[in-house]
Amino acid sequence: MEGLYVILFIIVIASADMCVGVRLDASPTFNVIDYGAKGDGKTDDSQAFVKAWKDVCGETQDTATLVIPRGRTFMLQPVSFHGPCKPSTINIEFQGTIIAPKSVEVWKISNDNNKIWILFSNINGLVINGRGGGKIDGEGASWWHSNSDISNRPTALQFHQCENLRISTLTHINSPRNHISIDGCKDSTFSNLLIIAPEDSPNTDGIDIAESTNITIHQSTIKTGDDCIAINSGSSFINITNVLCGPGHGISVGSLGRNGAFASVEEIYVRNCTFHGTTNGARIKTWKGGSGYARKITFEDIVLVGVTNPLIINQQYSNLYLETTNELEAVKISDITYLNVNGTSKGEAAILLNCDHEVGCVNIVLNNIRITLEDGHPANASCTNAYGSCSSCNPIVSCLK
């Protein structure tokens with residue numbers, strides 16, 4: 001019996017040591033409620049979020065977690081979450097709802113982020129998971145119907161100079177302007193997003209990407225009043241897969257080269273995406289008078305359902321209110337591939353390649369294209385100064401040089 005007591009004593013001590021180890025190794029958790037957030041949908045909870053973030057960002061352990069609890073609605077004025085942070089990974093358990101102020105008049109615009117509602121900047125290893133029901137509501141209607149200049153309307157959510165982002169399972173609705181901006185980021189993944197705004201809401205892009213590299217977007221649904229995804233200058237190695245787009249303006253590279261600017265976009269891969277009722281499908285648009293390049297861009301395994309302009313390159317994108325600096329220049333467009341594109345077009349020109357008279361588009365490859373009009377009649381193709389090849393194409397693109 002004495003030996004049995006010794007064994008039991010050793011087991012108890014070992015178990016206690018294991019429990020202590022678990023407590024010591026568990027990542028610290030910070031709940032915004034503990035910092036004074038009310039979550040009643042009316043009180044300004046911005047400062048509570050800022051205080052909680054300060055502790056999360058300054059935590060000395062390798063991983064820290066910020067909790068936005070379910071069943072609560074948190075109203076935030078424009079707010080910024082800055083790094084760099086000490087933990088190599090910061091988890092945000094996004095379970096509740098965040099809403100913007102309901103009207104333009106009550107927004108508190110600061111110099112820090114006068115055109116951004118929620119900003120994350122200079123953070124490495126940020127993981128936001130809305131698996132518990134996370135929702136962002138930009139309350140954009142008051143902005144859409146106001147007389148304010150569109151350029152002054154705020155982006156709802158911006159990630160600036162962040163690395164190793166993992167953003168997933170979020171619902172994002174009704175941004176005043178574009179919903180998500182990815183600016184100067186790299187090595188990041190966005191997945192299982194639901195982004196929704198009315199079809200007639202102005203400039204409500206789903207995701208805008210600029211000056212970023214190695215960005216993956218997949219398994220998401222985007223229904224907005226502008227581009228589902230817009231890929232802007234400085235972007236490279238962008239992978240977009242399994243995205244349902246529509247309504248909206250399609251997935252666009254550009255616009256590029258506005259006001260004579262130099263632009264660069266390359267290594268863009270859009271695969272297994274569906275465009276439903278969009279004004280455009282796979283689009284590349286550059287301003288006349290710009291410079292630089294858009295190259296090595298592939299659209300593969302694309303499904304079209306009633307798209308007005310399914311495949312479109314516009315190298316002479318223009319606006320009567322803007323003047324270009326050099327009408328003889330254009331952003332060079334090359335190495336563009338459309339592979340396995342099937343579905344219906346609402347417009348008669350299913351393929352429109354409008355390239356610059358001076359520069360032109362080169363190495364445009366179309367392979368296995370099957371696009372008809374919605375009523376089953378044949379569609380057609382139109383192109384200007386476009387060079388490339390088309391095999392197994394319907395409509396036939398005889399205008400390619």
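The values are calculated or read from the model by the stated rules, or taken from the named source; none is laboratory data. Just so it is clear, the structure is predicted and the values come from calculations on it, not from any experiment. Backbone-built Cβ (ideal geometry, glycine too); neighbour counts: all protein chains shown. These area figures cover heavy atoms from the full protein model, side chains too; ligands, DNA and RNA do not enter into them. Shrake-Rupley method; radii C 1.70, N 1.55, O 1.52, S 1.80 Å.
Report the relative contact order of the range 183-299, percent, no decimals, based on alpha-carbon pairs under 8 angstrom and at least 6 residues apart. Numbers along the way, then the final one.
On the way: 351 pairs, mean separation 26.3, N = 117.
Relative contact order comes out at 22 percent.
Under a plain spin-label model, where a point goes 7 Å from the Cα along Cα-to-Cβ, how far apart in nm are residue 358 and residue 70?
6.0
Expressed in nm to one decimal, what extension gain is obtained for the pair residue 199 and residue 214 from 0.36 nm per residue of sequence separation less their Cα-Cα distance? Intermediate results must be reported in sequence, preceding the final value.
Working: separation 15, 0.36 × 15 = 5.40 nm, distance 2.97 nm.
Length gained, residue 199 through residue 214: 2.4 nm.
So between residue 63 and residue 368, what do we pick up on full extension, going 0.36 nm a residue minus the alpha carbon distance? Each step should come with its number before you reach the end.
Details: separation 305, 0.36 × 305 = 109.80 nm, distance 4.84 nm.
Stretched fully, the residue 63-residue 368 segment lengthens by 105.0 nm.
Accessible area of the range 197-258 with a 1.4 Å probe: how many percent of it is carbon plus sulfur?
Roughly 42 percent of what the probe reaches on the range 197-258 is carbon or sulfur.
Among the listed pairs 115/135; 102/285; 86/115; 108/223; 223/346, which have their C-alpha atoms separated by more than 23 angstrom in this model?
On the way: 115/135 21 Å; 102/285 34 Å; 86/115 28 Å; 108/223 28 Å; 223/346 18 Å.
Pairs exceeding the cut-off: 102/285; 86/115; 108/223.
Could you order the peptides 277-289, 160-172 from most to least packed, using the average number of other C-beta atoms within 10 Å per residue?
Result, highest mean first: 277-289, 160-172.
Can you give me the accessible area per residue for the chain, using a 1.4 Å probe, in Å²?
Normalised by residue count, the accessible surface of the chain is 44 Å².
What value does the range 246-400 have for Rg/Rh, both radii from Cα atoms and Rh as Kirkwood defines it?
0.96
Kindly identify the range 79-130 as rounded, prolate or oblate by the Cα gyration tensor criterion: order the square roots of the eigenvalues as a ≥ b ≥ c, call it rounded if a/c is under 1.5, otherwise compare a/b with b/c, prolate if a/b is larger, else oblate.
Working: a/c = 4.23, a/b = 1.55, b/c = 2.73.
Oblate.
Let me check against my output: what whole-number percent is the relative contact order of the chain, with C-alpha pairs under 8 Å and at least 6 apart? Don't jump to the answer; show the numbers that get you there.
Values: 1261 pairs, mean separation 29.9, N = 401.
Computed value for the chain: 7 percent relative contact order.
Do the sum for the chain: with -39,500 (n - 2.57) for every DSSP H run of n ≥ 4, divided by all residues, what is the mean residue ellipticity at 222 nm, to the nearest 500 deg cm²/dmol?
Values: 3 runs with 41 residues, N = 401.
My calculation for the chain gives -3500 deg cm²/dmol from helical runs alone.
Between residue 47 and residue 318, what length in nm is gained on full extension when 0.36 nm per residue of separation is reduced by their alpha carbon distance?
Details: separation 271, 0.36 × 271 = 97.56 nm, distance 4.34 nm.
Additional length available on full extension: 93.2 nm.
With the crude spin-label approximation of a point 7 Å out along Cα→Cβ, what separation in nm comes out for residue 27 versus residue 259?
With each label point 7 Å from Cα toward Cβ, the separation is 4.1 nm.
Any idea what angle helix 2-25 forms with the longest principal axis of the chain, computed on alpha-carbon atoms, 0 to 90 degrees, nearest 10?
40
Separation of the range 36-97 and the range 339-367 by C-alpha centroid, Å?
46
Let me know the charge dipole size of the chain about its Cα centre in debye, to the nearest 20, where only the beta-carbon of Lys, Arg (+1) and Asp, Glu (-1) is charged.
Computed about the Cα centre, the dipole is about 260 debye.
Run the simple label-point estimate for residue 131 and residue 398 please: 7 Å along Cα→C-beta, distance reported in nm.
Here the answer is 5.8 nm between the modelled labels.
State the Cα centre-to-centre distance between the range 146-176 and the range 235-281 in whole Å.
Using only Cα atoms, the two centres lie 17 Å from each other.
Using the beta-carbon distance between residue 348 and residue 149 and R0 = 30 Å, what value does 1/(1 + (r/R0)^6) give for FRET efficiency, to the nearest 0.05?
Calculated value: 0.25.
Restricting to Cα pairs below 8 Å that are 6+ residues apart, what does the relative contact order work out to for the range 237-369? Please round to a whole percent.
Numbers: 408 pairs, mean separation 33.4, N = 133.
Rounded, it is 25 percent for the range 237-369.
Mind grabbing the accessible area of residue 194 for me, 1.4 Å probe, Å², rounded to tens?
Per-residue accessible area (residue 194): approximately 60 Å².
Using only Cα atoms and rounding to the nearest 10 degrees, what angle (0 to 90) does helix 46-58 make with the longest principal axis of the chain?
The answer is roughly 80 degrees.
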